[in-house]
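The values are calculated or read from the model by the stated rules, or taken from the named source; none is laboratory data. Owing to the predicted nature of the structure, the values given are computational and were not obtained by experimental measurement. Cβ atoms come from the backbone with ideal geometry, glycine included; neighbour counts cover every protein chain shown. To get the accessible areas, we keep the full protein, side chains included, count just its heavy atoms, and leave off ligands, DNA and RNA. Shrake-Rupley method; radii C 1.70, N 1.55, O 1.52, S 1.80 Å.
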Amino acid sequence: MVGKHMGAMRILVTGGAGFIGSRLARRLLADGHAVVIVDNLFTGHRQNVPVGAQLVEGDIGQEATLAALPDGPFDAVCHLAAQSSGAVSMEQPLYDIQTNAVSTLLLIRWCEKRRVRRFLYASSMAVYGNPAAVPVDENAPVSPVSYYGVSKLASEHLLRVAGNSWVRPTALRMFNVYGPGQNLANLRQGMASIYLAYLLKGQEVPVTGSLERFRDFVYIDDVVDAWARVLQQPDTPSLAYNIGSGRPTQVRELLRLLIETCGLPSDHPVRTLSAPPGDQFGLYANVERAAAELGWKAQTPLAEGIRRMVEWAGCQEGKPRAAGGRATAKLP
Ligand SMILES: NC(=O)c1ccc[n+]([C@@H]2O[C@H](COP(=O)([O-])OP(=O)(O)OC[C@H]3O[C@@H](n4cnc5c(N)ncnc54)[C@H](O)[C@@H]3O)[C@@H](O)[C@H]2O)c1
């Protein structure tokens with residue numbers, strides 16, 4: 001349903017062939033909006049692009065890509081295209097900054113030129129680094145420990161400054177988003193999806209970092225709902241919002257839940273490895289600001305979200321889906 005104050009809009013979704021962007025694009029189309037997607041299909045897939053959306057293939061970190069976007073008025077940009085792995089950012093920081101921060105600046109300029117006011121940004125809990133206290137609220141000090149977190153924070157600052165003139169920015173600081181549609185072939189990003197990818201093959205699960213680490217897992221459709229709500233508002237009272245469940249879950253508990261839901265024996269092998277540089281130990285969100293200012297709260301309990309994700313992935317009753325199925329096709 002289109003929001004009370006906004007009619008049908010034309011929206012640019014960057015990264016719309018990826019996990020979150022494609023689910024968002026589908027929701028926006030269902031809500032009656034027109035959607036143009038720009039994506040270089042690096043970690044995203046053409047099949048993810050929903051019917052009805054126009055796909056423009058290109059690198060969002062290059063000015064030429066924006067210059068080639070279709071004519072006509074746009075009402076909003078949802079910028080989700082990114083190199084989305086903290087570990088990769090530590091190996092290739094220049095690539096990360098180009099894709100994740102320079103792209104934001106280029107898009108701000110594009111908005112100014114094309115008179116697009118509304119700018120929603122896919123920020124991350126990575127901006128907090130290792131906070132002194134949890135849960136973290138949006139006023140907690142920001143001190144990223146990965147270049148990925150730095151580029152997300154840089155984008156927020158670019159938007160804050162640009163917000164003094166033309167654009168009306170909102171940054172959604174998403175925590176660990178999981179659920180159906182997550183890329184099970186990308187073993188560099190997404191805790192739940194990485195573990196599930198190994199479980200689907202019946203393999204030992206390598207865990208980089210301790211099992212005592214904890215995260216805030218938030219279900220994909222709840223996250224998409226937050227984006228859709230923010231889009232209904234021409235501006236938001238704050239620049240940044242935590243988008244999390246507000247609950248901590250230890251890695252150990254997540255694994256237990258995944259193993260149980262897959263119907264595998266509780267002693268399924270798990271091997272802990274040293275944590276990669278830039279890894280965060282533990283954090284979860286204080287979600288009061290999103291509740292008070294957006295009227296948003298995550299609805300899906302973790303066990304239910306994991307059940308839906310496992311069902312989607314096709315792992316049932318201890319019989320992992322045969323290799324060649326959609327979920328396992330690209331695993332090494
Ligand atoms: N998944 C999470 O838990 C999470 C948490 C916080 C923030 N985020 C952010 O949300 C956004 C979406 O994440 P996701 O989980 O859907 O990841 P994803 O990798 O599935 O999606 C990213 C999309 O961006 C595209 N892309 C990458 N580089 C590009 C470039 N240079 N030009 C054009 N397109 C490019 C990819 O092909 C992919 O389709 C990212 O900005 C990510 O940093 C994700």
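So the values come out like this:
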{"item": "Top-ranked residue of segment 85-122 - restricted to ones that are touching a Ser or Thr at 6+ places or on another chain (Cβ under 7 Å) and among the hydroxyl-bearing types (Ser, Thr, Tyr), ranked as nearest to Glu63 (Cα to Cα)", "result": "Thr104"}
{"item": "Matching residues in segment 261-296 - criterion: being free of Cβ contacts under 8 Å to residues at least 40 places away in the same chain, open to solvent by 60 Å² or more (accessible area, probe 1.4 Å) and farther than 21 Å from Ser210 by Cβ", "result": "Ala292"}
{"item": "Within segment 122-150, considering residues that are aliphatic (A, V, I, L, M) and within 17 Å of the chain's Cα centre (by Cα), the one nearest to Thr104 (Cα to Cα)", "result": "Ala122"}
{"item": "Condition met for Arg26 (modelled with pLDDT of 95 or more, of a type in the set (D, E, K, R) and surrounded by 18 or more Cβ atoms within 10 Å (Cβ to Cβ))", "result": "yes"}
{"item": "Some residue of segment 2-19 being among the hydroxyl-bearing types (Ser, Thr, Tyr) and open to solvent by 20 Å² or more (accessible area, probe 1.4 Å)", "result": "no"}
{"item": "Within segment 32-87, considering residues that are farther than 25 Å from Val127 by Cα, in a helix (DSSP H, G or I) and within 13 Å of the ligand (Cβ to nearest atom), the one most open to solvent (accessible area, probe 1.4 Å)", "result": "Gln47"}
{"item": "Residue match in segment 117-129 (condition: open to solvent by 30 Å² or more (accessible area, probe 1.4 Å) and at pLDDT 95 or above)", "result": "yes"}
{"item": "Residues of segment 243-271 satisfying the condition of being assigned to a strand (DSSP E or B) and either charged (D, E, K, R) or modelled with pLDDT under 95 (or both)", "result": "Arg271"}
{"item": "Candidates Arg173, Arg188, filtered to the one that is in contact (Cβ under 8 Å) with a residue 24 or more places away in the chain, assigned to a loop (DSSP other than H, G, I, E, B), farther than 23 Å from Leu69 by Cα and not acidic (Asp, Glu)", "result": "Arg188"}
{"item": "Extreme residue, farthest from the ligand (Cβ to nearest atom), among residues of segment 88-134 that are charged (D, E, K, R) and within 22 Å of Ile194 (Cβ to Cβ)", "result": "Glu91"}
{"item": "Residue match in segment 144-153 (condition: open to solvent by less than 20 Å² (accessible area, probe 1.4 Å) and either modelled with pLDDT under 95 or assigned to a loop (DSSP other than H, G, I, E, B) (or both))", "result": "yes"}
{"item": "Ala240 being among the aliphatic types (A, V, I, L, M), away from the ligand (no atom under 12 Å from the Cβ) and touching a strand residue (DSSP E or B) at 6+ places or on another chain (Cβ under 6 Å)", "result": "yes"}
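Results for (1) open to solvent by 20 Å² or more (accessible area, probe 1.4 Å); (2) assigned to a strand (DSSP E or B); (3) within 11 Å of the ligand (Cβ to nearest atom); (4) modelled with pLDDT of 95 or more, shown as yes or no for each residue.
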{"position": "Pro180", "(1), (2), (3), (4)": "no, no, no, yes"}
{"position": "Ala192", "(1), (2), (3), (4)": "no, no, yes, yes"}
{"position": "Val223", "(1), (2), (3), (4)": "no, no, yes, yes"}
{"position": "Arg229", "(1), (2), (3), (4)": "yes, no, no, yes"}
{"position": "Thr236", "(1), (2), (3), (4)": "no, no, no, yes"}
